[in-house]
Amino acid sequence: MRAEHPAPPAAPQQQPQQQQWEDRQHATAVAHPNIALIKYWGKRDERLVLPRVDSLSMTLDIFPTTTRVRLAPGADHDTLTLGGRPAEGETLRRVTAFLDLVRAQAGRSVRAVVDSHNTVPTGAGLASSASGFAALAVAAATAYGLRLDATARSRLARRGSGSASRSIFAGFALWHAGPPTAATDAEADLGSYAEPVPAAGLDPALVIAVVNAGPKAVSSREAMRRTLDTSPLYEPWARSSGDDLSEMRAALRRADLEAVGEIAERNALGMHATMLAARPAVRYLAPASLTVLDSVLQLRKDGVCAYATMDAGPNVKVLCPRTDAERVARVLRGAVPDGSVLIARPGPGARLLPGER
Ligand code: 2P0
């Protein structure tokens, strides 16, 4: 007998095969961050993490997060370590709230021990919450005995952090906002998930200029809330983002990296414009970010296909052909000698570590 409270009456009967699955009681998963080329900015439902707009991203092959979830029969609360250090406060509260969702789906109440290791600076606009919640979703669902397909994993990861829905998938992924009106929470939840987008023939790199790896002053959650509530530029951007997405999908289909970059850059600059017009303004870009943007303009003048995108932080990511990545990285290192510059390529989706299936 498991040392946990009885499952709610609605819980399905466990089949012998599922019982065996559940007896694992632990799982370890790895996920990589993703960078949006069409941005997610603004929620229409904060509790269900439903976005206002569709978004499209590239999962990276660097900065993985590895997360182990172990069920802890008898424990009266969840515990979390990040990089070996115990986490408390808001971080633990968010993970516990997420595990509550998994427990509700599994019809179980047992608490868990979560150990997570990030290789990306946390809270610096480098998508640590995307890799973090994607890895947690896969590991927790498995430890609790839920057998979810990739779409269901994406929906679940979304509840932890919106952008995590996209890190379930390798390469390019499109996160559907879902129908704006739904009769029930369950219907709304079902409609919002990511799926892979084919991009055959595209051979891109994303050169990342880390100009400041410190945590941001305003969380992206708070910044998008404030933008939606107060920025007169939000609605026009949201409308144009829909057009950007259609053009982006067409550009990916014809493997036109120049167009992909151009659309991504204007979408990101537009998103930053919405925040600059919020009251009070949210400004993530630092002087060094603008220096990098100037370098990107110069690279284009010099004939290199290089386009920038920026998220909720001062760091700048430059999309270019893989074959130009070293050249772009050299130019960016020269532009921000105090920063660090890394080259990322399209990376894998979230997965269980071998032996954890
Ligand atoms: C994105 N960002 O599409 C956008 C662009 C930042 C700028 O997704 O509140 O950490 O947890 O759903 O996923 C950052 O937002 O926000 C983000 P929550 P998340 O990548």
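The values are calculated or read from the model by the stated rules, or taken from the named source; none is laboratory data. The shown structure was predicted, so the numbers you read here are calculated from the model rather than taken from an experiment. Here the Cβ is made from the backbone with ideal geometry for all residues, glycine too, and neighbour counts use every protein chain on show. Areas reflect the complete protein model, heavy atoms only, side chains present, ligands, DNA and RNA absent. Shrake-Rupley method; radii C 1.70, N 1.55, O 1.52, S 1.80 Å.
Given the options GLY201, GLY145, name the one that is away from the ligand (no atom under 12 Å from the Cβ), within 20 Å of PRO346 (Cβ to Cβ) and either open to solvent by 40 Å² or more (accessible area, probe 1.4 Å) or of a type outside the set (A, V, I, L, M, F, W, C) (or both).
Numbers: GLY145 fails: within 20 Å of PRO346 (Cβ to Cβ).
GLY201 is the lone residue from the list that is away from the ligand (no atom under 12 Å from the Cβ), within 20 Å of PRO346 (Cβ to Cβ) and either open to solvent by 40 Å² or more (accessible area, probe 1.4 Å) or of a type outside the set (A, V, I, L, M, F, W, C) (or both).
Identify the residue in the stretch 318-357 that is among the charged types (D, E, K, R) and within 30 Å of VAL218 (Cβ to Cβ) and, among all such residues, is most open to solvent (accessible area, probe 1.4 Å).
Our first condition is that a residue be among the charged types (D, E, K, R); within the stretch 318-357, this holds for 322, 324, 326-327, 330, 333, 338, 345, 351, 356-357.
Checking the rest, the ones that are also within 30 Å of VAL218 (Cβ to Cβ) come to 333, 338.
Values: ARG333: 110, ASP338: 156 Å².
Once the filter is applied, the top-ranked residue is ASP338.
Counting just the residues of the stretch 242-267 that are touching a strand residue (DSSP E or B) at 6+ places or on another chain (Cβ under 6 Å) and among the small types (Gly, Ala, Ser), which one comes out nearest to ILE35 (Cα to Cα)?
ALA264
Take the residues in the stretch 38-55 that are more than 9 Å from the ligand (Cβ to nearest atom) and in a strand (DSSP E or B); name whichever of them is least open to solvent (accessible area, probe 1.4 Å).
LEU50
Among (1) out of contact with any Leu (no Cβ under 8 Å at 6 or more places or on another chain); (2) closer than 21 Å to VAL49 by Cα, where does ALA177 come up short?
(1)
So, in the stretch 1-37, of the ones that are at pLDDT 95 or above and assigned to a loop (DSSP other than H, G, I, E, B), which residue ends up farthest from the ligand (Cβ to nearest atom)? If you could, list the steps in order and put the result at the bottom.
Residues of the stretch 1-37 that are at pLDDT 95 or above, as a first pass: 26-37.
Of the ones still in play, those that are also assigned to a loop (DSSP other than H, G, I, E, B) are 32-33.
Details: HIS32: 13, PRO33: 9 Å.
Going through the qualifying residues, I end up with HIS32.
Between residues in the stretch 106-120 that are under 21 Å from ALA130 (Cα atoms) and among the polar types (S, T, N, Q) and residues that are part of a loop (DSSP other than H, G, I, E, B) and open to solvent by less than 20 Å² (accessible area, probe 1.4 Å), which pairs lie under 9 Å by C-beta distance while being six or more apart or on different chains?
Correct list of pairs: SER116/ALA87.
Considering each of THR122, THR184, THR151 in turn, give the residue that is open to solvent by 10 Å² or more (accessible area, probe 1.4 Å) and at pLDDT below 95. Before you say what the answer is, go through the steps one by one.
Working: THR184 fails: at pLDDT below 95; THR151 fails: at pLDDT below 95.
THR122 is the lone residue from the list that is open to solvent by 10 Å² or more (accessible area, probe 1.4 Å) and at pLDDT below 95.
Quick one: count up the residues across the stretch 275-325 that are outside any helix (DSSP H, G or I), under 25 Å from ALA238 (Cα atoms) and not aliphatic (A, V, I, L, M). I'd like the intermediate steps shown before the answer.
Quick first cut of the stretch 275-325, residues outside any helix (DSSP H, G or I) only: 277-286, 302-321.
Narrowing further to those that are under 25 Å from ALA238 (Cα atoms): 277-286, 306-319.
The next check asks that each one be not aliphatic (A, V, I, L, M); those that pass are 279-280, 283-284, 307, 309, 311, 313-315, 317.
Going through the stretch 275-325 one residue at a time, the tally reaches 11.
Residue-wise test of (1) touching a Lys or Arg at 6+ places or on another chain (Cβ under 7 Å); (2) of a type in the set (A, V, I, L, M, F, W, C).
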position: ALA278; (1), (2): yes, yes
position: ARG283; (1), (2): no, no
position: SER289; (1), (2): no, no
position: VAL292; (1), (2): no, yes
position: VAL296; (1), (2): no, yes
position: ARG300; (1), (2): no, no
position: GLY303; (1), (2): no, no
position: TYR307; (1), (2): no, no
position: PRO314; (1), (2): no, no
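Residue by residue, here is whether (1) open to solvent by 20 Å² or more (accessible area, probe 1.4 Å); (2) within 16 Å of the ligand (Cβ to nearest atom) holds:
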position	(1), (2)
ARG239	yes, no
ASP244	no, yes
LEU252	no, no
ALA259	no, no
ILE263	no, yes
PRO287	yes, no
VAL304	no, no
VAL316	no, yes
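Checking the conditions here, which among PRO321, PRO337, PRO354 is outside the structural domain of LYS216 (by TED's automatic domain parsing) and more than 16 Å from the ligand (Cβ to nearest atom)? Before you say what the answer is, go through the steps one by one.
Numbers: PRO321 fails: outside the structural domain of LYS216 (by TED's automatic domain parsing); PRO337 fails: outside the structural domain of LYS216 (by TED's automatic domain parsing).
Every option except PRO354 fails the conditions.
From SER219, SER163, grab the single residue that is within 22 Å of ALA286 (Cβ to Cβ), surrounded by fewer than 23 Cβ atoms within 10 Å (Cβ to Cβ), of a type in the set (Ser, Thr, Tyr) and under 18 Å from the mean Cα position of the chain (by Cα).
SER219
Pairs needed: first member in the stretch 203-222, on the phi < 0 side of the Ramachandran plot; second member anywhere, among the basic types (Lys, Arg) and away from the ligand (no atom under 13 Å from the Cβ); C-beta distance under 8 Å; at least 6 residues apart or different chains.
Going by the 8 Å Cβ cut-off, the qualifying pairs are ASP203/ARG322; PRO204/ARG322; PRO204/ARG345; ALA205/ARG322; ALA205/ARG345; LEU206/ARG345.
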